[in-house]
Amino acid sequence: MAGPRTLVAPGAGADPVPTPDSDVLPRGSRRAAMLRLVDAMAPGDSLPLTTREDPVALIAEIEQRHPGTFSFWDLQAGPGCWRFVLRR
């Protein structure tokens, strides 16, 4: 069985993305972009994320779409910056 993969951003070639920052995305498309990354994760994948907004709503939506499938770890919990890791 293979170990966890490092996810790469779409169009980024083979360069791994250590911590995708949702704040660089246009405000109206952030959540959809984050959910696309999450939906593309295979079992065993981990994805670190950074945002300036509390990710509680994003995490709730992930849980609603994929009940019991993901684990979440806070690396930094605000104020002003939240860093966390999702694992499928």
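The values are calculated or read from the model by the stated rules, or taken from the named source; none is laboratory data. Keep in mind that what you see is a predicted model, and the values were worked out from it rather than measured. No Cβ is skipped: glycine too gets one built from the backbone with ideal geometry, and neighbour counts run over all protein chains shown.
Can you give me the number of residues within region 61-87 that are more than 16 Å from G44 (Cβ to Cβ) and part of a strand (DSSP E or B)?
In the first step, residues of region 61-87 are kept if they are more than 16 Å from G44 (Cβ to Cβ); the result is 61-65, 67, 74-84.
Pick out the ones that are also part of a strand (DSSP E or B) and you get 74-77, 82-84.
Here the count works out to 7.
Looking at P10, P18, which one is in a loop (DSSP other than H, G, I, E, B), in contact with a helix residue (DSSP H, G or I) (Cβ under 9 Å, 6 or more places away or on another chain), at pLDDT below 90 and surrounded by fewer than 14 Cβ atoms within 10 Å (Cβ to Cβ)? Even if it seems obvious, please write down each step before you answer.
Numbers: P18 fails: in contact with a helix residue (DSSP H, G or I) (Cβ under 9 Å, 6 or more places away or on another chain).
Checking each option against the conditions leaves just P10.
For region 41-60, which residues satisfy the criterion of being assigned to a loop (DSSP other than H, G, I, E, B) and loosely packed, with under 12 Cβ neighbours inside 10 Å?
So the first thing to find is which residues in region 41-60 are assigned to a loop (DSSP other than H, G, I, E, B), and the list is 41-45, 52-55.
Within region 41-60, A42, P43 meet the criteria.
Could you look through region 27-70, keep only residues that are of a type in the set (S, T, Y) and more than 11 Å from the chain's Cα centre (by Cα), and pick out the one that is modelled with the lowest pLDDT?
S29
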